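First the structure, in the form of C-alpha coordinates, and then the observations on it.
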Amino acid sequence: MKYSIIGWNGFLFKIPEEAHFATESGDFKNGYMRFESEDYFFGIKWEEMHPKKKRSVDEVASAFLKKVEKKLKKRKASIQAKKKIRISEHNALSLSVKSEMNECIYFMFCEKSQRMIILNFGFKDLLNFKEIMKEVLLSFRCHSEELNQWSILGFSFSAPQSFLLVERSMMVGRTTLLLREQKITPLTESRKEILFEYFSTANVRFEKEYRDMERWTKKVYFKDLKKRYKKIKFKEVGEEEVNGHHVKVNAGSRISGILTKSSSIYKNVSWYCEEQNRIYSVTISEQLSTPFFKKKVIDREKFEELARQITSSIKCH
Ligand SMILES: [Zn+2]
Ligand SMILES: [Zn+2]
(Lines give C-alpha, C1' and ligand atoms only; values in the text may rest on other atoms or scores of the structure.)
(Ligands and ions follow the chains in the order given, each with its own letter.)
Protein backbone atom coordinates (compact mmCIF):
# COMPACT_ATOMS: atom_id res chain seq x y z
CA MET A 1 0.00 0.00 0.00
CA LYS A 2 1.21 3.51 -0.83
CA TYR A 3 1.26 6.15 1.86
CA SER A 4 1.47 9.91 1.76
CA ILE A 5 2.88 12.14 4.46
CA ILE A 6 0.60 14.63 6.13
CA GLY A 7 1.98 17.61 8.04
CA TRP A 8 -0.52 19.92 9.68
CA ASN A 9 -0.48 22.19 12.74
CA GLY A 10 2.56 20.48 14.24
CA PHE A 11 1.41 16.91 13.47
CA LEU A 12 3.26 14.66 11.07
CA PHE A 13 2.06 11.19 10.05
CA LYS A 14 1.52 8.76 7.22
CA ILE A 15 -1.86 7.98 5.75
CA PRO A 16 -2.77 5.62 2.86
CA GLU A 17 -2.92 7.50 -0.43
CA GLU A 18 -6.35 6.05 -1.08
CA ALA A 19 -7.80 7.79 2.00
CA HIS A 20 -8.89 11.23 0.95
CA PHE A 21 -8.63 14.35 3.00
CA ALA A 22 -12.23 14.99 4.07
CA THR A 23 -12.24 17.95 6.43
CA GLU A 24 -10.20 20.10 8.82
CA SER A 25 -10.90 22.99 11.15
CA GLY A 26 -9.34 25.03 13.94
CA ASP A 27 -5.72 25.99 14.54
CA PHE A 28 -2.63 24.83 16.39
CA LYS A 29 -4.35 25.00 19.78
CA ASN A 30 -7.70 23.41 19.01
CA GLY A 31 -8.71 21.62 15.89
CA TYR A 32 -9.85 18.59 14.00
CA MET A 33 -9.01 16.80 10.81
CA ARG A 34 -10.35 13.69 9.13
CA PHE A 35 -9.45 11.31 6.30
CA GLU A 36 -11.83 8.83 4.75
CA SER A 37 -11.88 5.90 2.39
CA GLU A 38 -14.66 3.50 1.52
CA ASP A 39 -13.85 1.09 4.34
CA TYR A 40 -12.35 3.22 7.08
CA PHE A 41 -11.78 6.69 8.48
CA PHE A 42 -9.13 8.36 10.60
CA GLY A 43 -9.75 11.49 12.67
CA ILE A 44 -7.52 13.60 14.94
CA LYS A 45 -8.90 16.00 17.47
CA TRP A 46 -6.68 18.21 19.60
CA GLU A 47 -7.22 20.67 22.36
CA GLU A 48 -4.82 22.89 24.25
CA MET A 49 -4.69 22.12 27.97
CA HIS A 50 -3.72 24.98 30.18
CA PRO A 51 -1.32 23.77 32.92
CA LYS A 52 -3.71 25.18 35.55
CA LYS A 53 -6.84 23.66 34.09
CA LYS A 54 -5.18 20.51 32.93
CA ARG A 55 -7.18 17.31 32.96
CA SER A 56 -5.47 13.93 32.93
CA VAL A 57 -5.69 11.55 29.99
CA ASP A 58 -7.85 9.28 32.18
CA GLU A 59 -10.27 12.10 32.94
CA VAL A 60 -10.57 13.04 29.28
CA ALA A 61 -11.05 9.40 28.31
CA SER A 62 -13.73 8.85 30.99
CA ALA A 63 -15.64 11.96 29.91
CA PHE A 64 -15.46 10.74 26.34
CA LEU A 65 -16.58 7.29 27.39
CA LYS A 66 -19.62 8.64 29.21
CA LYS A 67 -20.71 10.51 26.12
CA VAL A 68 -20.20 7.48 23.90
CA GLU A 69 -21.95 5.13 26.34
CA LYS A 70 -25.06 7.24 26.31
CA LYS A 71 -25.15 7.16 22.55
CA LEU A 72 -24.25 3.50 22.36
CA LYS A 73 -26.96 2.33 24.74
CA LYS A 74 -29.52 3.44 22.25
CA ARG A 75 -27.67 1.60 19.51
CA LYS A 76 -26.89 -1.53 21.54
CA ALA A 77 -23.19 -1.46 20.98
CA SER A 78 -20.38 -2.35 23.34
CA ILE A 79 -17.14 -0.93 24.66
CA GLN A 80 -14.16 -3.22 24.84
CA ALA A 81 -11.00 -3.29 26.89
CA LYS A 82 -8.84 -0.30 27.68
CA LYS A 83 -5.13 -0.68 26.95
CA LYS A 84 -2.02 1.41 27.44
CA ILE A 85 0.38 1.96 24.54
CA ARG A 86 3.08 4.46 23.49
CA ILE A 87 2.53 6.87 20.63
CA SER A 88 5.05 9.56 19.62
CA GLU A 89 6.91 9.21 22.96
CA HIS A 90 3.72 9.59 25.02
CA ASN A 91 1.66 7.16 27.05
CA ALA A 92 -1.66 6.71 25.35
CA LEU A 93 -4.84 5.10 26.50
CA SER A 94 -6.60 3.03 23.91
CA LEU A 95 -10.22 2.07 23.81
CA SER A 96 -12.22 0.04 21.36
CA VAL A 97 -15.86 0.65 20.66
CA LYS A 98 -18.15 -1.52 18.59
CA SER A 99 -21.13 0.05 16.94
CA GLU A 100 -22.08 -0.10 13.26
CA MET A 101 -18.38 0.41 12.62
CA ASN A 102 -15.50 -0.78 14.77
CA GLU A 103 -13.60 2.07 16.34
CA CYS A 104 -10.23 2.34 18.05
CA ILE A 105 -9.73 5.53 19.98
CA TYR A 106 -6.43 6.71 21.48
CA PHE A 107 -6.10 9.45 24.09
CA MET A 108 -2.82 11.10 24.93
CA PHE A 109 -1.32 14.30 26.26
CA CYS A 110 1.68 15.93 24.57
CA GLU A 111 3.55 17.99 27.18
CA LYS A 112 5.80 19.49 24.49
CA SER A 113 2.92 21.10 22.59
CA GLN A 114 0.55 21.22 25.60
CA ARG A 115 -2.21 19.48 23.70
CA MET A 116 -4.62 16.69 24.51
CA ILE A 117 -4.86 14.53 21.40
CA ILE A 118 -7.56 12.03 20.46
CA LEU A 119 -6.92 9.72 17.51
CA ASN A 120 -9.93 7.94 16.19
CA PHE A 121 -9.91 5.04 13.72
CA GLY A 122 -13.11 3.56 12.34
CA PHE A 123 -13.15 0.49 10.09
CA LYS A 124 -15.34 -2.32 8.81
CA ASP A 125 -12.83 -5.13 8.96
CA LEU A 126 -10.03 -5.15 11.53
CA LEU A 127 -7.96 -7.83 9.83
CA ASN A 128 -7.43 -5.67 6.79
CA PHE A 129 -7.13 -2.52 8.79
CA LYS A 130 -4.58 -3.61 11.41
CA GLU A 131 -1.60 -3.01 9.17
CA ILE A 132 -2.79 0.48 8.23
CA MET A 133 -3.44 1.47 11.82
CA LYS A 134 0.01 0.25 12.82
CA GLU A 135 1.64 2.30 10.07
CA VAL A 136 -0.25 5.48 11.00
CA LEU A 137 0.49 5.10 14.74
CA LEU A 138 4.17 4.28 14.26
CA SER A 139 4.65 7.31 12.03
CA PHE A 140 2.59 9.69 14.19
CA ARG A 141 4.44 12.74 15.63
CA CYS A 142 2.78 15.51 17.62
CA HIS A 143 5.82 17.62 18.48
CA SER A 144 9.23 18.35 17.08
CA GLU A 145 12.32 20.32 18.08
CA GLU A 146 12.79 21.67 14.58
CA LEU A 147 10.66 23.17 11.85
CA ASN A 148 7.00 22.37 11.32
CA GLN A 149 6.31 20.52 8.13
CA TRP A 150 3.16 21.52 6.24
CA SER A 151 2.26 18.74 3.88
CA ILE A 152 -1.11 18.03 2.33
CA LEU A 153 -2.79 17.79 -1.11
CA GLY A 154 0.42 16.87 -2.87
CA PHE A 155 2.73 19.67 -1.70
CA SER A 156 4.90 20.31 1.32
CA PHE A 157 7.11 22.96 2.85
CA SER A 158 8.68 23.67 6.23
CA ALA A 159 8.35 26.75 8.41
CA PRO A 160 9.57 27.75 11.87
CA GLN A 161 7.22 26.68 14.66
CA SER A 162 6.46 30.31 15.50
CA PHE A 163 4.48 30.55 12.24
CA LEU A 164 0.86 29.64 12.86
CA LEU A 165 -1.90 28.90 10.39
CA VAL A 166 -4.23 31.91 10.46
CA GLU A 167 -6.12 31.58 7.21
CA ARG A 168 -6.78 28.89 4.64
CA SER A 169 -9.13 28.10 1.87
CA MET A 170 -9.15 24.91 -0.16
CA MET A 171 -11.45 25.45 -3.07
CA VAL A 172 -11.69 23.73 -6.41
CA GLY A 173 -9.06 25.49 -8.47
CA ARG A 174 -7.34 27.46 -5.73
CA THR A 175 -5.77 26.53 -2.43
CA THR A 176 -4.43 29.15 -0.02
CA LEU A 177 -2.58 28.80 3.28
CA LEU A 178 -1.48 31.82 5.28
CA LEU A 179 0.97 31.33 8.14
CA ARG A 180 1.86 34.19 10.44
CA GLU A 181 4.36 35.00 13.15
CA GLN A 182 3.39 38.06 15.14
CA LYS A 183 5.36 39.83 17.87
CA ILE A 184 3.84 42.78 19.65
CA THR A 185 5.67 44.90 22.22
CA PRO A 186 4.37 48.22 23.64
CA LEU A 187 6.03 50.23 20.86
CA THR A 188 6.62 47.92 17.96
CA GLU A 189 4.67 45.34 16.04
CA SER A 190 6.41 42.83 13.84
CA ARG A 191 4.53 40.53 11.52
CA LYS A 192 5.98 37.90 9.21
CA GLU A 193 3.83 35.94 6.81
CA ILE A 194 4.07 33.04 4.42
CA LEU A 195 1.33 33.06 1.82
CA PHE A 196 1.33 29.72 0.02
CA GLU A 197 -1.05 29.35 -2.92
CA TYR A 198 -1.61 27.08 -5.86
CA PHE A 199 -3.98 27.10 -8.83
CA SER A 200 -4.91 23.75 -10.33
CA THR A 201 -5.66 22.75 -13.95
CA ALA A 202 -3.45 25.71 -14.83
CA ASN A 203 -3.12 24.90 -18.54
CA VAL A 204 -6.87 25.34 -18.99
CA ARG A 205 -7.50 28.11 -16.54
CA PHE A 206 -4.56 30.25 -17.62
CA GLU A 207 -4.31 29.03 -21.17
CA LYS A 208 -2.50 32.15 -22.38
CA GLU A 209 -0.26 32.72 -19.39
CA TYR A 210 0.73 29.42 -17.82
CA ARG A 211 3.91 29.02 -19.84
CA ASP A 212 4.99 32.60 -19.21
CA MET A 213 5.22 33.29 -15.52
CA GLU A 214 6.20 36.91 -16.00
CA ARG A 215 2.97 37.48 -17.85
CA TRP A 216 0.95 35.50 -15.32
CA THR A 217 2.30 37.36 -12.30
CA LYS A 218 1.88 40.79 -13.91
CA LYS A 219 -1.45 40.27 -15.68
CA VAL A 220 -3.13 37.98 -13.21
CA TYR A 221 -1.61 37.41 -9.83
CA PHE A 222 -0.05 40.63 -8.57
CA LYS A 223 -3.30 42.52 -9.11
CA ASP A 224 -4.91 40.06 -6.79
CA LEU A 225 -2.06 40.13 -4.29
CA LYS A 226 -2.34 43.93 -4.01
CA LYS A 227 -5.76 43.50 -2.45
CA ARG A 228 -4.07 41.71 0.41
CA TYR A 229 -0.83 43.68 0.60
CA LYS A 230 -1.77 47.19 -0.40
CA LYS A 231 0.21 49.21 -2.91
CA ILE A 232 3.20 46.93 -3.26
CA LYS A 233 5.14 47.09 -6.46
CA PHE A 234 7.16 44.07 -7.41
CA LYS A 235 10.21 43.93 -9.57
CA GLU A 236 12.17 40.97 -10.78
CA VAL A 237 15.38 40.55 -8.82
CA GLY A 238 16.75 37.18 -9.90
CA GLU A 239 16.19 33.49 -10.28
CA GLU A 240 16.10 30.56 -7.93
CA GLU A 241 15.58 26.86 -8.15
CA VAL A 242 12.54 25.48 -6.36
CA ASN A 243 12.12 21.70 -6.35
CA GLY A 244 13.87 21.44 -9.71
CA HIS A 245 11.97 24.31 -11.36
CA HIS A 246 13.61 27.48 -12.59
CA VAL A 247 11.78 30.21 -10.77
CA LYS A 248 11.80 33.99 -11.14
CA VAL A 249 12.10 35.93 -7.92
CA ASN A 250 10.15 39.16 -7.48
CA ALA A 251 10.69 41.53 -4.59
CA GLY A 252 8.99 44.64 -3.31
CA SER A 253 9.11 47.03 -0.37
CA ARG A 254 7.07 49.86 1.04
CA ILE A 255 7.34 52.52 3.75
CA SER A 256 4.31 54.46 4.90
CA GLY A 257 2.97 56.52 7.80
CA ILE A 258 4.23 59.61 9.63
CA LEU A 259 3.66 59.19 13.36
CA THR A 260 3.74 55.45 13.16
CA LYS A 261 6.21 54.31 10.60
CA SER A 262 5.34 51.10 8.87
CA SER A 263 7.82 49.38 6.63
CA SER A 264 7.39 46.12 4.80
CA ILE A 265 9.32 43.89 2.45
CA TYR A 266 8.08 41.10 0.19
CA LYS A 267 9.52 38.27 -1.81
CA ASN A 268 7.48 36.27 -4.28
CA VAL A 269 8.28 33.14 -6.27
CA SER A 270 5.79 31.77 -8.81
CA TRP A 271 6.14 28.80 -11.13
CA TYR A 272 4.25 26.35 -13.26
CA CYS A 273 4.63 22.75 -12.11
CA GLU A 274 3.99 20.49 -15.10
CA GLU A 275 3.86 17.33 -13.00
CA GLN A 276 0.83 18.60 -11.07
CA ASN A 277 -0.44 21.04 -13.71
CA ARG A 278 -0.50 23.70 -11.01
CA ILE A 279 0.78 27.24 -10.77
CA TYR A 280 2.31 27.79 -7.36
CA SER A 281 2.89 31.21 -5.88
CA VAL A 282 4.60 31.78 -2.55
CA THR A 283 4.96 35.21 -0.96
CA ILE A 284 7.05 35.76 2.12
CA SER A 285 6.71 39.11 3.82
CA GLU A 286 7.76 41.07 6.88
CA GLN A 287 6.12 44.18 8.26
CA LEU A 288 7.39 46.36 11.06
CA SER A 289 5.43 49.18 12.68
CA THR A 290 7.18 51.57 15.05
CA PRO A 291 6.57 55.12 16.33
CA PHE A 292 8.46 57.70 14.23
CA PHE A 293 11.13 58.33 16.91
CA LYS A 294 12.24 54.72 17.00
CA LYS A 295 15.08 53.87 14.66
CA LYS A 296 14.29 50.17 14.35
CA VAL A 297 14.41 48.74 10.82
CA ILE A 298 13.78 45.36 9.22
CA ASP A 299 16.83 43.13 9.18
CA ARG A 300 16.99 42.38 5.45
CA GLU A 301 19.65 39.73 5.74
CA LYS A 302 17.60 37.75 8.26
CA PHE A 303 14.54 38.14 6.07
CA GLU A 304 16.41 36.82 3.03
CA GLU A 305 17.67 33.89 5.05
CA LEU A 306 14.17 33.01 6.25
CA ALA A 307 12.73 33.33 2.73
CA ARG A 308 15.44 31.07 1.32
CA GLN A 309 14.92 28.53 4.08
CA ILE A 310 11.22 28.32 3.22
CA THR A 311 11.50 28.25 -0.59
CA SER A 312 14.24 25.64 -0.50
CA SER A 313 12.01 23.32 1.55
CA ILE A 314 9.13 23.39 -0.95
CA LYS A 315 8.08 20.19 -2.70
CA CYS A 316 5.47 20.92 -5.35
CA HIS A 317 5.18 17.47 -6.96
ZN1 LIG B 1 4.01 15.16 21.49
ZN1 LIG C 1 6.83 20.80 -9.31
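The values are calculated or read from the model by the stated rules, or taken from the named source; none is laboratory data. Everything numeric here is computed off the predicted structure, so don't read it as measured data. Please note: Cβ atoms are built from the backbone with ideal geometry, for glycine as well, and neighbour counts cover all protein chains shown.
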Practice task
Report, ordered by the first and then the second residue, all pairs with beta carbons closer than 8 Å, sequence separation of six or more or different chains, a first member in the range 273-284 that is more than 17 Å from Lys192 (Cα to Cα) and part of a loop (DSSP other than H, G, I, E, B), and a second member that is more than 7 Å from ligand 2 (Cβ to nearest atom) and not aromatic (Phe, Trp, Tyr).
Solution key: Gln276/Gly154; Gln276/Ser200; Asn277/Ser200; Asn277/Thr201; Asn277/Ala202; Asn277/Asn203
Problem - Hits in the range 237-249 - residues which are more than 14 Å from ligand 2 (Cβ to nearest atom), out of contact with any helix residue (DSSP H, G or I) (no Cβ under 8 Å at 6 or more places or on another chain) and in contact (Cβ under 8 Å) with a residue 12 or more places away in the chain - result: Val237, Val249
Exercise for the section: Report yes if some residue within the range 250-260 is without any contact (Cβ under 8 Å) to a residue 60 or more places away in the chain, closer than 25 Å to His317 by Cβ and away from ligand 1 (no atom under 16 Å from the Cβ); otherwise report no. Expected result: yes
Problem - Failed item, numbered, when Ile265 is tested on (1) modelled with pLDDT under 95; (2) away from ligand 2 (no atom under 15 Å from the Cβ) - result: (1)
Handout entry: Long-range neighbours under 9 Å by Cβ, at least six apart or interchain, first residue among the polar types (S, T, N, Q) within the range 292-317, second within 16 Å of ligand 1 (Cβ to nearest atom)
Key = Gln309/Leu147; Ser313/Leu147; Ser313/Gln149
Completion exercise
Restricted to the range 49-73 and to residues being under 30 Å from the mean Cα position of the chain (by Cα) and over 19 Å from Leu93 (Cβ atoms), the residue modelled with the highest pLDDT is His50
Exercise for the section: Looking only at the range 86-93, decide whether some residue is farther than 17 Å from Met116 by Cα and either free of Cβ contacts under 8 Å to residues at least 24 places away in the same chain or assigned to a helix (DSSP H, G or I) (or both). Expected result: no
Practice task
Identify, from the list Lys231, Lys248, Lys261, the residue that is more than 17 Å from Glu214 (Cα to Cα), more than 21 Å from the chain's Cα centre (by Cα) and surrounded by 13 or more Cβ atoms within 10 Å (Cβ to Cβ).
Solution key: Lys261
Handout entry: Condition check for Gly238: small (Gly, Ala, Ser), out of contact with any strand residue (DSSP E or B) (no Cβ under 6 Å at 6 or more places or on another chain) and either more than 23 Å from Ala159 (Cα to Cα) or surrounded by fewer than 17 Cβ atoms within 10 Å (Cβ to Cβ) (or both)
Key = no
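Let me confirm something: among Ser151, Ser113, which residue is under 15 Å from Lys45 (Cα atoms) and either within 22 Å of the chain's Cα centre (by Cα) or not in a helix (DSSP H, G or I) (or both)?
Values: Ser151 fails: under 15 Å from Lys45 (Cα atoms).
Of the residues listed, the single one that is under 15 Å from Lys45 (Cα atoms) and either within 22 Å of the chain's Cα centre (by Cα) or not in a helix (DSSP H, G or I) (or both) is Ser113.
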Completion exercise
Across (1) without any contact (Cβ under 8 Å) to a residue 12 or more places away in the chain; (2) in a strand (DSSP E or B), Lys208 clears everything bar (2)
